[in-house]
1. If THR98 satisfies all but one of (1) under 18 Å from the mean Cα position of the chain (by Cα); (2) assigned by TED's automatic domain parsing to the domain that holds THR231, what's the number of the condition it fails?
2. Does ARG221 satisfy being modelled with pLDDT of 95 or more, open to solvent by 40 Å² or more (accessible area, probe 1.4 Å) and under 19 Å from THR3 (Cβ atoms)?
3. Of all residues in region 228-250, how many are open to solvent by less than 60 Å² (accessible area, probe 1.4 Å) and either near the ligand (Cβ under 10 Å from one of its atoms) or modelled with pLDDT under 95 (or both)?
4. For VAL274, are the conditions met, namely being surrounded by 24 or more Cβ atoms within 10 Å (Cβ to Cβ), more than 10 Å from the ligand (Cβ to nearest atom) and within 17 Å of the chain's Cα centre (by Cα)?
5. Touching a Ser or Thr at 6+ places or on another chain (Cβ under 6 Å) and closer than 30 Å to SER5 by Cβ: does that describe ALA175?
6. Which pairs turn up if I take residues in region 177-192 that are within 16 Å of the ligand (Cβ to nearest atom) and look for partners that are open to solvent by 80 Å² or more (accessible area, probe 1.4 Å) with beta carbon separation below 7 Å, at least 6 apart in sequence or on another chain?
7. Within region 164-182, work out how many residues are surrounded by 23 or more Cβ atoms within 10 Å (Cβ to Cβ) and of a type in the set (Val, Ile, Thr).
8. Among (1) among the aliphatic types (A, V, I, L, M); (2) open to solvent by less than 20 Å² (accessible area, probe 1.4 Å); (3) within 26 Å of ASP203 (Cα to Cα), there is one condition VAL138 misses while meeting the rest; what is its number?
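The values are calculated or read from the model by the stated rules, or taken from the named source; none is laboratory data. Treat the numbers as computed from the prediction; the structure is a model and nothing was measured. Cβ coordinates were reconstructed from backbone atoms using ideal geometry, including for glycine residues, and neighbour counts include every protein chain displayed. Surface areas here come from the heavy atoms of the whole protein model, side chains and all, with no ligands, DNA or RNA. Shrake-Rupley method; radii C 1.70, N 1.55, O 1.52, S 1.80 Å.
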Amino acid sequence: MDTVSLSGKELAAAINTDTKARAIALTEGGAAPRLVLVVANDDPASAWYVNSLRKSAERLGIACDTVDLGPDASSAAIRAELTERGADPDTDAIMLQTPLPAGIALDEVSSAIAAAKDVDGVSPLSLGLLAAGLDGFVPATAAAVVELLEYHGIPLAGRHVAVVGRSNIVGKPLAQLLLAKDATVTICHSRTADLAASTGSADIVVAAAGRIGLISGEHVRKGAMVIDVGTNEAADGTIVGDVDADSVRGKAAGLSPVPGGVGPVTTALLMRQVVTAAENSRSN
Ligand code: NAD
């Protein structure tokens, strides 16, 4: 079986075209949309991601500030910064980078992000709104998986989707979004007894565990669609996904590449949410 590559590049480009036009309209109306990235680490992967977000913002006409609190920042200092930015009328959108300083859990600080500016949907309030089926910002990676599937014309209603990973920023919100699309969802995780049995009966498998090669041909039934969310650094320094592409190719009907699949769509959706937050605040 030929395995189609479920690329995210064209979809990301289409989203970006729309976002840029909306950003220009906001700028012409008075002020460019403004995203603030709050960093409290000295992690190279985070620095790389912050840099790529800044470049994306710049290309789309979104102003982007980085506030670096350092890797030893206290929970109180992070919360104070988030609260201050939440009250700042010039800040439309806030993103808190991970990892956080040792001993600080995301929930401990993310609740200080104002819901109207929480463009990556990470605060407990945003996650609760999603679980209740109410309007709010949704974690961009989870939203990117659904948009990528829909873009490639893959139906979700009535389909069995196995999501591998149960984190608050990917697996759980993705399961909620899929349920809202009438999919039947199985959430697998590190304590799932027989992973291959759970994923092997699914029409769609989404790998979001952060484990190189976790999903191989034996985990996927013939003709399934496979979305690889993983972004892991391989021994040679390249970025690889959670799917062993060689063994899945030829068996699956479609596979999203890493890089070039979920990643560009995630960034595009984040930037779109920044513009949406700015539009909402201007209309208030
Ligand atoms: P996480 O470490 O918070 O969660 C990983 C999840 O995988 C956990 O729920 C765990 O139970 C599950 N898991 C771990 N080992 C497993 C195993 N052997 N079998 C089954 N389940 C297992 O990670 P995260 O923040 O949710 O990110 C997951 C992956 O997605 C990472 O590779 C991350 O880099 C990537 N990611 C990509 C994007 C993107 O835009 N492409 C965005 C965010 C995260």
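1. (2)
2. Taking the combined requirement at face value, the residue satisfies it.
3. Residues flagged as open to solvent by less than 60 Å² (accessible area, probe 1.4 Å) and either near the ligand (Cβ under 10 Å from one of its atoms) or modelled with pLDDT under 95 (or both) within region 228-250 amount to 10.
4. On the way: surrounded by 24 or more Cβ atoms within 10 Å (Cβ to Cβ): yes; more than 10 Å from the ligand (Cβ to nearest atom): yes; within 17 Å of the chain's Cα centre (by Cα): yes.
Yes.
5. On the way: touching a Ser or Thr at 6+ places or on another chain (Cβ under 6 Å): no; closer than 30 Å to SER5 by Cβ: yes.
No, not satisfied.
6. VAL185/LEU179; ILE187/ARG166; HIS189/ARG166
7. 2
8. Among (1) among the aliphatic types (A, V, I, L, M); (2) open to solvent by less than 20 Å² (accessible area, probe 1.4 Å); (3) within 26 Å of ASP203 (Cα to Cα), VAL138 violates only (2).
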